[in-house]
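Here's the structure, in structure tokens; my notes come after.
The values are calculated or read from the model by the stated rules, or taken from the named source; none is laboratory data. Predicted, not measured: the structure shown is a model, and the values here were computed from it. No Cβ is skipped: glycine too gets one built from the backbone with ideal geometry, and neighbour counts run over all protein chains shown. Please note that ligands, DNA and RNA were not included when accessible areas were found on the heavy atoms of the full protein model with its side chains. Shrake-Rupley method; radii C 1.70, N 1.55, O 1.52, S 1.80 Å.
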Amino acid sequence: MAGYGGYGGGDGGGFMSGSQQGGSQAGGSKYADESLRPVTIKQLLDWEETFPGAELAIDGHPVTQVTIVGQVRSVKPQPTNITYRIDDGTGAIDVKKWVDSEAQGGEDGGSGAGAIAPDAFVRVWGRLKILGGKKHISANFIRQIEDFNEVNYHLLEATYVHLFFTKGAPGSGGAKQEGGGGDNMFVDQGYGAGGGDVAMGGAGPGGGNSAMQARLATCSRNAQIMCNFINNSPGGTEGVNLHVIAQGTRMSVRDITNAADELLGQGIIYTTQDDETWAILDY
């Protein structure tokens, strides 16, 4: 994969010097300082605005534009914009695509966004905004994903860029950052400290209800990964869908189905909206 110092990888990832900054700011970013970075939603949600209008920075480096990949959970058309709720398995965020009624025709203003329905996987390019203390992405463009390999590619690309800034370039012998909590770009570890990043395939039950912990410890590794992922997802009592779990854990549909049967049999999870959506059973 190409280095990310001066040019981006493939489909809008990495860094691009050349997207135009909207509006002028005194002492603001120069044209050459523009960047487009592949990220997970959790990275955006974890960023804290130190003061109103603070520049977005991830891994200690400023970012002007971001690209995410996720599943559309809801669509809310309005006269001036269409708001999409996007979930990538690490978190969920609103994406607003502003409608230009005078554009080439069509309710989507020529962006293609009007044809996107719930449950579709999409790629979004845009800027992180904060309005009323709530974060959202103001989208420049939204495109539906036709090849699911792009979802996995995006997560790998986001991981590569994250490691580039936190560990150094490949072969550079960069020092590993100390302290683990704030350096996690995927979901936090569930059921205590089991070791490994859940979204990257880690498992390890611990903490939580002792009876549940004991039952989970007897389950297969796939069942533990799935349980930890559901526990750390924002679905709550609505549950987490099979396809979101597949995206976040990189497990096959068959493995997830088998793991779900195992967890259901142990009384650890239960079905919610349908037979492919599960939530943790609280005690």
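Observations on the structure shown:
Residue by residue, here is whether (1) among the hydroxyl-bearing types (Ser, Thr, Tyr); (2) open to solvent by less than 10 Å² (accessible area, probe 1.4 Å); (3) in contact (Cβ under 8 Å) with a residue 12 or more places away in the chain; (4) touching a Phe, Trp or Tyr at 6+ places or on another chain (Cβ under 9 Å) holds:
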{"position": "216", "(1), (2), (3), (4)": "no, yes, yes, yes"}
{"position": "223", "(1), (2), (3), (4)": "no, yes, yes, no"}
{"position": "226", "(1), (2), (3), (4)": "no, yes, yes, yes"}
{"position": "231", "(1), (2), (3), (4)": "no, no, yes, yes"}
{"position": "238", "(1), (2), (3), (4)": "no, no, yes, no"}
{"position": "245", "(1), (2), (3), (4)": "no, yes, yes, yes"}
{"position": "252", "(1), (2), (3), (4)": "yes, no, no, no"}
{"position": "259", "(1), (2), (3), (4)": "no, yes, yes, no"}
{"position": "267", "(1), (2), (3), (4)": "no, no, yes, no"}
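- In the set (1) touching a helix residue (DSSP H, G or I) at 6+ places or on another chain (Cβ under 7 Å); (2) modelled with pLDDT of 85 or more, residue 201 fails one condition alone, (2).
- In region 125-161, the qualifying residues are those that are touching a residue at least 60 places away in the same chain (Cβ under 8 Å) and of a type in the set (Gly, Ala, Ser), and the one that is farthest from residue 63 (Cα to Cα) is 158.
- Qualifying residue in region 83-92 (condition: in a strand (DSSP E or B), farther than 21 Å from residue 239 by Cα and modelled with pLDDT of 90 or more): yes
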